[in-house]
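Where a number appears in this text, it was derived from the coordinates with a stated rule and is not lab data. Treat the numbers as computed from the prediction; the structure is a model and nothing was measured. Please note: Cβ atoms are built from the backbone with ideal geometry, for glycine as well, and neighbour counts cover all protein chains shown.
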Amino acid sequence: MQEQYDYIVVGGGSAGCVLANRLSEDGRFSVCLIEAGPADKNMWIHIPIGYGKTMFNKDLNWGFETEADPHMNQRQFYWPRGKTLGGCSSINGLIFIRGQKQDYDQWASLGNQGWSWEDCLPYFRKLENNDLPTSETRGKDGPLSATSIPANHELVDAFIESAQMEGIPRVNDFNSGDQFGVGYYQLTTKNGLRQSTAVAYLRPAQQRQNLTIKTEHLVHRVLLENNRAVGIELSHKGNAKHTIRAKKEVILSAGAIQSPQLLLLSGIGPAEELMKMGIPVQKNLKGVAENLQDHLQLRLIYEVAKPITNNDQLRNLWGKSKIGLQWLLTRSGPLAIGINQGGAFCYALPGEAKTPDVQFHFGTLSADQAGGQVHPFSGCTISVCQLRPESRGYMRLKSTDPAQSMAIHPNYLSTDLDRRTAIASVRLARRIASTGPLGELLIREHRPGLDQQSDEEVLEFCRNYGATIFHPSGTAKMGSAHDEMAVVDDRLRVHGLEGLRVVDASIMPTLVSGNTNVPVVMIAEKAATMILEDQKKHLSPSPEYSAVA
């Protein structure tokens, strides 16, 4: 008998684990969750600081590389993406950020009904177990912990005080809807362990009789019949392909790279691009794999006058043993926190931005690249990124093999605003670094170096050393049928097709102002509610889209 389920969820990441839990919750529907990677058993996944290890582990990470970027001196960029249960929530930097109120109000203003801040706020509250005082904007009873950092750090305190001296107010909560300020981040940790969506959502649900979890299964395409998704074609560890049928819906939650890749491999996308690859056109949707957005981080590295950094603890065997033993015995210390403890949302171009336009991550560690070997000196990192870049990239198929990467074109710093914001953000970082108590603790700017002062020199630093901060989004954007670049409607149904949705960061019309993990969890919580509502009302089909195959 043909294997079949009510709902098939493709991708067991930040969104997929949420969907698997919520769709199987009341026992009425059978759900199959498909993940290309293994179960999340690797020790380094669960140690909060362990993303320095998982970032380059190809067993847990797709490890994509972009094409050469003409706006960044032809550099290629390493883009880690989770390849295990929990997806990127199993390998990310742990920071619990929702974004700015205006991000979601902008989505709604683009014709996406039900996606304003007020519409999304109940789902943000639903998902979180927040340890800050009760408020109208924060939740206490959700699966995902928002944990305050348990102890202050001298360097982070100095960063916060120096930022205040530059006119940035001190805040205790970045997640109220107004982010402007400086302070400590909350993290997705619980009792000194990482809390991915696999831990928070999937683990409590995995024994349900109506939930099937398939790891190390690669989906090749969505099966379509008469403009309806009826199942998927997949393979297990490279073995022969087989099919699974979906009685109600197929939901793509494979992330901003692979959800659009699967749409293309299924014949859904720009007709011209599909025909170039010899893929029969099922639905001509111009926006698939377009509208790529990402946050570009610029990392300023400083030498510190006192041996109080993670560099000092991680440089030798004794230091590593000491903090390792502390974590094993008490689930506390540097391994339980992660690297970026403090941060800020503020203005690089205050005369032009209506809401904070840059985000700072202050790290008590330094290395030549994120996740790399720490420097031989006491060091810290001030990372800054533009929150709402104008630059837009795109992706193209290089192969019809789903195991092969897309050709990823980020197009960083391709607009004048983005270049001016980058220069201004470096200058702001330098002012903070040279002010007050932080200025007293920092003894030398290791990178870019104070000899780099002119706008041209600072921009060249940005082009030579800028890197992803791991937030690709927007490649199957949500929008109305009147927007020819929209891929899904405001209920996340693929335009012009029945029984097929996309639920992950690729549906974001515009990039949110901050780290993307928590917004993706919110999207999945909201999507699960909509899917069950539509099932109840028998409203699964999307309104017919104007484009024709």
Any lysines with Cα under 17 Å of the LYS526 Cα? List them, leaving off those in the same chain fewer than 8 positions away. LYS101, LYS126, LYS477, LYS536, LYS537
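Sort SER454, SER506 by Cβ crowding within 10 Å, fewest neighbours at the top. Let's see the in-between values first.
Working: SER454 9, SER506 31.
Ranking SER454, SER506 by Cβ neighbours within 10 Å, fewest first, gives SER454, SER506.
Please compute the length gained on full extension between GLN2 and LEU193, using 0.36 nm multiplied by the number of residues separating them and subtracting their Cα-Cα distance. Don't skip to the end; give the middle numbers.
Numbers: separation 191, 0.36 × 191 = 68.76 nm, distance 4.03 nm.
Contour length minus the Cα-Cα distance gives 64.7 nm.
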Expected 222 nm ellipticity per residue - DSSP helices of 4 or more, -39500 (n - 2.57), all of the chain, to 500: -7500 deg cm²/dmol
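Net charge near GLY63, counting Lys/Arg +1 and Asp/Glu -1 over other residues with Cβ under 11 Å of its Cβ?
+1
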Cα centroid distance between segment 343-418 and segment 175-205, in Å? 21
In sequence order, calculated HN-Hα J values of segment 63-73 (Karplus, 6.51, -1.76, 1.60; Hz; x Gly/Pro): x, 5, 10, 7, 6, 4, 9, x, 8, 10, 6
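Taking 0.36 nm per residue of separation and subtracting the Cα-Cα distance, what length does fully extending ASN464 through THR330 add?
Values: separation 134, 0.36 × 134 = 48.24 nm, distance 4.13 nm.
Result for the pair: 44.1 nm of gain on full extension.
Would you mind counting up the charge near VAL384? Only other residues with Cβ under 12 Å from its Cβ, with Lys and Arg at +1 and Asp and Glu at -1.
Values: positive: ARG299, ARG427, ARG430, ARG431; negative: ASP357.
For residues surrounding VAL384, the net value is +3.
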So, over other residues within a Cβ distance under 12 Å of PRO410, counting Lys, Arg +1 and Asp, Glu -1, the net charge is -3
Chain lengthening between LYS237 and ASP451 when straightened (0.36 nm per residue, less Cα-Cα): 71.8 nm
Give the aspartates and glutamates whose C-alpha is closer than 20 Å to that of LYS190, dropping any in the same chain fewer than 8 places away, or say none. ASP40, GLU128, ASP131, ASP141, ASP173
In which sequence would LYS126, LYS41 go, from the one with the fewest C-beta neighbours within 10 Å to the one with the most? LYS41, LYS126
Sorted by Cβ neighbour density within 10 Å, fewest at the top, the residues TRP318, TRP115, TRP107: TRP318, TRP115, TRP107
For ASN316 and ASN227, what does the FRET efficiency come to when R0 = 60 Å and r is the distance between their Cβ atoms, rounded to the nearest 0.05? 0.45
For the pair LYS306/GLU65, report the inter-label distance in nm, with labels modelled 7 Å from Cα in the Cβ direction. 4.3
Between ALA407 and THR134, the FRET efficiency computed from the C-beta separation at R0 = 51 Å comes out, to the nearest 0.05, as 0.60
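Using DSSP, restrict attention to beta bridges with both residues in the chain and report what percent are antiparallel, rounded to the nearest 5. Could the numbers behind the result be given before it?
Numbers: 58 of 83 bridges.
Of all bridge pairs located within the chain, approximately 70 percent are antiparallel.
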